[in-house]
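The structure appears right after this line, and notes come after that.
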Amino acid sequence: MSSMLSSALRNLPVSSAWAAGALARSLSCSSQFQASAQAKSKKTLGKSGVKNVVVVEGVRIPFLQSGTSYVDLMPHDLARAALQGLLTRTSVPRDVVDYIVYGTVIQEVKTSNVAREAALGAGFSDKTPAHTVTMACISSNQAMTTAVGMIAAGQCDVVVAGGVELMSDVPIRHSRKMRKTMLTLNRAKTLGQKLSLISKIRPDYFTPELPAVAEFSTSETMGHSADRLAAAFGVSRLEQDEYALRSHTLAKKAQDEGLLLDVVPFKVPGKDTVTKDNGIRPSSMEQMGKLKPAFVKPYGTVTAANSSFLTDGASAMLIMSEEKALAMGYKPKAYLRDFVYVSQDPKDQLLLGPTYATPKVLEKAGLTLNDIDVFEFHEAFAGQILANLKAMDSDWFAQNYMGRKSKVGAPPLDKFNTWGGSLSLGHPFGATGCRLVITAAHRLKKEGGQYGLVAACAAGGQGHAMIVELYPQ
């Protein structure tokens, strides 16, 4: 596959001139583009007989590198803070909320239903049901679409959806031998039985089972898979570093200009108030070039600098039926329109979810790539993003792997993740989906567009895409 897909995308040459040009275009969206976006008169995607579902507001506490200010907290603490931030931002009465659903990936065993614990901590009624979903990096996407389904089916009018991840304190298990011994010891009735079991414990029993971001079905780490994917699509180390630098530079600019409107401050117990993401760190190509491969050694191209970092964070979104939102006096930000979930081979196509999901959601909505004004894709790795863009722009890949007649095309970079992405803002696994959607809504308003397309890959070879439509201003 590598040899047949190694030709570069028109939008993605390796030269430094490309990097400078693309960065300049993204850093300053031209007035010509804004004017053309504002001048477009497109159909709305509302469907007869189907309730319109809207986003009233979306917030997140600052996304922080793991091991920093949130290190002494638990996941429900972060989720509670996001919920309280949403309540403060919207002033929505707690008893109006019909249901709460949260996404998470690595579950804290003490609070397995983190949605319920966070809701109670945030002061929601104990009569308000809450449940937790998990779907790897698209867990909060699943939370949002669960909310959409509840509202569209007429079961609820007001749902809070969100996601949380705390990588600073992940569960580390005893070895299976030790677990088995301890459980058996707990059932032992006599001192003799207990001493007999204890005498069988060997030093290797104390070796812990450390968690890893790896596929259960293949035992391959996601970083190793990303490295193989980049190689298959001919994505160079230079391209990956250039894209990562672009992400951090754009995120820094968006942060400095106050565009990251979804961030709410969080007073960390016993510490200072956190007000902004702390992983945004524009570097230089020279400094990034000094880093060694992180996964495939010594010749791999994925490094710590062109990968998303382990992140703590939480998000929350107020989703309503349009009728209910207007009745309560809210001005929605966006409609949540068509969405799709996809899955494919977790070994060779683990991170290609956006490539498979994008044409499906466009067809479902009756749109083309050219109709989309804003793209927000999850950036797990720079190599993963660039490989997806190349796959989307390849007729050969579309015909041989996707069973399609032709390619969908690659999104233009001047519409793509122009306020940074997961590489720079951070990626709390369970919380990123909500960030993508609310960022798309804010960008549509800022840039005068109508349609946004959100897409993300996930472990297990799965993926998600959704169309977001700006609410009429």
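Just a few scattered comments:
- Near pairs, Cβ below 9 angstrom, 6+ apart or cross-chain, from region 115-131 (aromatic (F, W, Y)) to any residue that is in a helix (DSSP H, G or I): F124/L83; F124/L87; F124/R94; F124/D95; F124/A118
- Reported count of residues in region 349-400, each being in a helix (DSSP H, G or I) and over 22 Å from G448 (Cβ atoms), is 28.
- A119 meets the stated requirement of being among the aliphatic types (A, V, I, L, M), buried (at least 24 other Cβ atoms within 10 Å of the Cβ) and on the phi < 0 side of the Ramachandran plot.
- Within region 172-258, helices (runs of 4 or more DSSP H) holding 2 or more residues that are surrounded by 15 or more Cβ atoms within 10 Å (Cβ to Cβ) and not hydrophobic (A, V, I, L, M, F, W, C): 176-187, 222-232, 237-256
- Filter result (in a helix (DSSP H, G or I) and either open to solvent by 40 Å² or more (accessible area, probe 1.4 Å) or of a type in the set (A, V, I, L, M, F, W, C) (or both)) within region 122-146: Q142, A143, M144
- Checked against the criterion of being among the small types (G, A, S), in the same structural domain as A459 (by the TED database), modelled with pLDDT of 95 or more and more than 20 Å from the chain's Cα centre (by Cα), region 390-397 has at least one qualifying residue.
- The number of residues in region 72-114 being over 28 Å from A153 (Cα atoms) and open to solvent by 60 Å² or more (accessible area, probe 1.4 Å) comes to 5.
- Taking region 366-418 as the range and being closer than 25 Å to F309 by Cα and open to solvent by 20 Å² or more (accessible area, probe 1.4 Å) as the test, the residues that pass are D414, K415.
The values are calculated or read from the model by the stated rules, or taken from the named source; none is laboratory data. In this text the structure is predicted, and so the values were computed from the model without any measurement. All Cβ positions, glycine included, derive from the backbone under ideal geometry; neighbour counts span all protein chains shown. Protein only, heavy atoms only, side chains kept; ligands, DNA and RNA dropped before computing areas. Shrake-Rupley method; radii C 1.70, N 1.55, O 1.52, S 1.80 Å.
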